1. Output yes when any residue across the stretch 372-395 is surrounded by fewer than 17 Cβ atoms within 10 Å (Cβ to Cβ), assigned to a helix (DSSP H, G or I) and among the acidic types (Asp, Glu), and no when none is.
2. Name the single residue, out of those in the stretch 162-202 being touching a Lys or Arg at 6+ places or on another chain (Cβ under 7 Å) and closer than 21 Å to Gly135 by Cβ, that is nearest to the ligand (Cβ to nearest atom).
3. Return the pair list, or none, for Cβ contacts closer than 6 Å from residues in the stretch 359-380 that are free of Cβ contacts under 8 Å to residues at least 12 places away in the same chain to residues that are surrounded by fewer than 20 Cβ atoms within 10 Å (Cβ to Cβ) and outside any helix (DSSP H, G or I), at least 6 apart or on different chains.
4. For the stretch 210-233, what are the residues that are over 23 Å from the mean Cα position of the chain (by Cα) and over 16 Å from Ile147 (Cα atoms)?
5. Based on this model, can you work out whether Ser216 counts as more than 13 Å from the ligand (Cβ to nearest atom), among the polar types (S, T, N, Q), outside any helix (DSSP H, G or I) and without any contact (Cβ under 8 Å) to a residue 40 or more places away in the chain?
6. Quickly run through the stretch 165-179 and pick out the residues that are within 29 Å of Glu140 (Cβ to Cβ) and surrounded by 16 or more Cβ atoms within 10 Å (Cβ to Cβ).
7. Return the total of residues in the stretch 61-100 being over 28 Å from the mean Cα position of the chain (by Cα) and either within 18 Å of Leu19 (Cβ to Cβ) or in a strand (DSSP E or B) (or both).
8. Which one of these does Gly405 not meet: (1) within 16 Å of the ligand (Cβ to nearest atom); (2) assigned to a helix (DSSP H, G or I)?
Amino acid sequence: MTDPAGEKATRSAPGAARLRHNPLVLRGARPENPLQIGSPAVGRLGARYGDFLVRLQGVEEEPGQALVRAVGLVGGRVHVDARLDDVLVLALTSPQLEALRAQFLAAPVSHLRLAEEAIAAVRAYLRQDLLLRHGDMTLEIGRRPLIMGVLNCTPDSFYEGSRVAAEAAVNSGREMVAAGADILDVGGESTRPGSEPVAVETEIERVVPVLEGLRSAGVPLSIDTTKADVARAALAVGATIVNDVSGLTYDPALAEVAASGKAAVVLMHLRGQPADMYAEAEYVDVVAEVGEELRGAVDRALAAGIPTDRIVVDPGIGFAKRAEHSLVALRNIDALRSLGYPVLVGPSRKSFIGAVLDLPAEERLEGTAAAVAAAVTGGAHILRVHDVEAMRRTADMAAAIRDEGAGWMP
Ligand code: HH2
């Protein structure tokens with residue numbers, strides 16, 4: 001079958017950018033897992049019909065009507081979102097999805113495209129064998145979750161226990177590797193709301209000695225920055241991943257630096273600047289909007305020449321999101337798999353945990369463990385955490401329940 005996304009090999013990610021209808025696979029249909037996206041009717045629909053629920057948006061009237069008819073012909077169901085009339089949720093089994101495409105082979109391209117986007121999203125959602133290239137190396141993004149340890153070389157990060165001076169940071173990094181970290185993420189500027197911006201030179205002075213000291217630590221090094229000059233300095237001393245919380249929106253030169261430095265990029269979702277991001281925390285459907293805006297970030301990366309197998313996406317837990325948005329994003333983290341890229345999640349000790357448990361950052365270890373377990377169960381690939389040993393165990397346990405327990409049939 002021709003892949004609409006131009007996929008070359010099974011181990012490369014699709015060109016999500018060309019999927020115009022933001023196709024998202026929603027949680028597989030299980031009666032005990034009613035969907036929280038859209039109206040309750042969507043959950044009931046999923047419970048009764050189909051293996052997959054695929055949400056398509058921006059569907060024009062004529063192809064939309066044709067799609068509704070064709071889905072009916074192949075035995076599936078369609079739900080029209082009560083709030084957004086250009087949103088359709090298809091409930092289909094895999095064979096029905098293939099039959100749907102066959103229905104449209106002789107139809108106008110606009111009709112066929114809808115079926116092909118749905119198929120591309122399902123394929124991406126199910127993919128188990130992604131690779132992440134970074135520098136001249138490759139990380140296997142398989143079933144075992146990867147742990148990214150957070151090393152904040154800052155005096156003002158929100159979690160006091162993560163603020164370490166340069167000399168201590170190298171030791172902490174090595175301890176994290178011994179405790180099971182697969183990646184170390186080194187940052188020299190706090191992104192907490194209201195934090196002071198840091199000058200480029202200061203940020204470089206904070207991170208470069210730490211990266212140099214960790215060069216021989218045996219794991220990939222990531223630089224947590226939004227600035228091209230900091231990324232360039234970090235790549236020069238051994239970092240191979242650029243973790244940009246702005247999703248390539250703050251510094252127009254950053255994508256080029258990452259592309260020419262052969263770095264992998266983590267594209268995180270946020271809106272606005274750290275100081276005002278809660279003003280932008282308004283969503284009709286946080287899962288769909290984060291998915292769509294991440295597709296925009298992927299477009300920016302691809303346009304700068306960053307290849308598909310060097311891209312990671314991240315919903316940005318706590319960034320321009322109130323607690324309820326972070327909870328919904330985490331509960332539905334699987335939907336982001338539809339984009340076809342490794343999914344990273346950073347819930348560690350964040351304020352949405354404080355909002356639920358009414359506890360300060362120092363006492364959010366168990367809340368973090370619950371969030372990590374939920375993310376792994378939903379199929380997240382990389383967990384960015386402060387407490388490496390505890391979250392290594394939590395993630396491995398959650399993955400075992402997810403994978404070893406999956407064969408059971410009632
Ligand atoms: N969260 C923080 C910083 N960087 N990067 C990604 N990709 N995803 C995240 O969720 C994320 C991130 C905030 O946490 P922390 O670094 O501990 O805090 P601070 O910014 O105050 O240093």
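1. yes
2. Within the stretch 162-202, the match that is nearest to the ligand (Cβ to nearest atom) is Asp185.
3. none
4. Val210, Leu211, Glu212, Gly213, Leu214, Arg215, Ser216, Asp229, Val230, Arg232, Ala233, listed by residue number.
5. Criteria met by Ser216.
6. Scanning the stretch 165-179 gives Ala169, Val170, Ser172, Gly173, Arg174, Met176, Val177, Ala179.
7. 5
8. Of everything listed in (1) within 16 Å of the ligand (Cβ to nearest atom); (2) assigned to a helix (DSSP H, G or I), Gly405 misses just condition (1).
The values are calculated or read from the model by the stated rules, or taken from the named source; none is laboratory data. Because the structure is predicted, anything quoted here is derived from the model rather than measured. Note that each Cβ is placed from the backbone with ideal geometry, even for glycine, and that neighbours are counted across all protein chains shown.
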